[in-house]
1. Between Ser73 and Lys121, what is the spin-label point distance in nm, taking each point 7 Å from the Cα along the Cα→C-beta axis?
2. Using 0.36 nm per residue of separation minus the Cα-Cα distance, give me the extension gain between Gln55 and Ile132 in nm, one decimal.
3. Give me the distance in nm between label points sitting 7 Å out from Cα along the Cα-to-Cβ direction at Asp46 and Glu103, one decimal.
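Derivation of every value follows stated rules applied to the coordinates shown; laboratory data play no part. Bear in mind that the values here come from a model prediction, so they are computed numbers and not experimental data. Cβ sites come from the backbone with ideal geometry, for glycine too, and all protein chains shown count toward neighbours.
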Amino acid sequence: IPFTDEKSPPNMFSKNNHHKERSKYSSVPHFSDSENDDSSSDGGEDDFISREIRQQQLQMKQQDEGLEMLGQSAERLSKISLGIHEELGHQNKMLDEMEDDLENATTNMNLVTMKTKELIKKSGGKRNFCIIVILSIIVVVLLFLIVYS
């Protein structure tokens, strides 16, 4: 098709197009059931459509209720998880304090052990230390017998 005006392209959908292009893009005829049936089928279609609409509305309502319950559950889980987070924070602080106390106790225990070893060496060794411990036990037993007799 030649251009009628140099600035405007040809109209592909005009009736002046070639027969070959027209048959290639021809429209499909539309048939409806209402043209072939009597007027009583229109009422059936209306009933079907209204039932489908009600069913869809009911499904949407059920989905909304389900989403509401899901939202409430998520909110409860959020509160619970925040509580757990806070509790873990407190317990971590307590564990840190306990670790510091344990380090202090270990340091003190090592100091006492070292001083005890020095005392044993100064007092004459293990033999004298054992004699002192045995005599101390004998004194405690004798005091116990004196008090309760």
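1. 7.1 nm
2. On the way: separation 77, 0.36 × 77 = 27.72 nm, distance 9.67 nm.
In short, 18.1 nm is gained.
3. According to this spin-label approximation, the distance is 8.6 nm.
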